[in-house]
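A quick write-up on the structure given underneath.
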């Protein structure tokens, strides 16, 4: 099997932001040549597919500035230092929707754009145990919706849910529910 590994020769930070950190790296290619790579370092994220007793998923609508549109997606957020991805997911679900989950299962990890970022999004599914008041971050404005899982699958297939993490979590949740694992 051919070695495909690229080795970092040097790395220069070109932007140090609150969430994103950008680097310009020089790498050695497998054939001995050199190339430049622009990398966005990201702390990672988490996404929760939370099902109520009637198999409705808990969604949020919020304005996503890079796209200049309101996006319908599953509750999600960036990982905070000092907490596991699951702890972060539980916190995001409660903050954004007011829901408290139980019977969490991992749906795996997603590399949303491996060509230029090291971001990893951890996906989970759970059942909703209780719902209280949401308490989003002070700069976060959203509305909560419940959508039947089967309808959400149709929405994925009809390109009505463009968010990648949401698509993957919805489809995996459906497959696991149908196989009796949720």
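Read-outs throughout are calculated quantities, based only on the coordinates presented, and are distinct from any laboratory measurement. Fair warning: this is a prediction, and the values are worked out from it, not measured in the lab. Here the Cβ is made from the backbone with ideal geometry for all residues, glycine too, and neighbour counts use every protein chain on show.
Helix 164-178 and the longest principal axis of the Cα set of the chain meet at an angle near 50°.
Once C-alpha pairs closer than 8 Å and six or more residues apart are averaged by separation and normalised to the residue number of the chain, the relative contact order reads 22 percent. The Cα center of segment 39-72 and the Cα center of segment 109-130 differ in position by 10 Å. Subtracting the Cα-Cα distance of residue 81 and residue 24 from 0.36 nm times their residue separation leaves 18.1 nm of extension gain.
If I model a spin label as a point 7 Å beyond the Cα along the Cα-Cβ vector, how far apart are those points for residue 52 and residue 144 in nm? Output for this residue pair reads 0.9 nm. Checking the a/c ratio against 1.5 first, then a/b against b/c, what shape does the Cα gyration tensor give for segment 45-178? Taking the square roots of the gyration eigenvalues as a ≥ b ≥ c, segment 45-178 is rounded. Fewest neighbouring Cβ atoms within 10 Å first, the residues 138, 119 line up as 138, 119. Taking label points 7 Å from Cα along the Cα-to-Cβ direction, residue 159 and residue 34 give a separation of 4.3 nm. Computed extension length for residue 179-residue 109: 23.2 nm, one decimal, from 0.36 nm per residue of separation with the Cα-Cα distance subtracted. Listed by Cβ neighbour count within 10 Å, with the fewest neighbours leading, 21, 122 appear as 21, 122. The stretch between residue 1 and residue 70, if pulled fully straight at 0.36 nm per residue, gains 20.3 nm over its current Cα-Cα span.
What FRET efficiency, computed as 1/(1 + (r/R0)^6) with R0 = 25 Å and r the Cβ-Cβ distance, is obtained for residue 102 and residue 62, rounded to the nearest 0.05?
In this case the efficiency is close to 0.50.
Highest average first, the peptides 29-36, 129-136, 65-72 ordered by how many other beta carbon atoms sit within 10 Å of their residues are 129-136, 65-72, 29-36.
Relative to the longest principal axis of the Cα atoms of the chain, helix 85-97 runs at roughly 50 degrees.
Sorting 153-164, 52-63 by their mean Cβ neighbour count within 10 Å, with the most densely packed peptide first, gives 52-63, 153-164.
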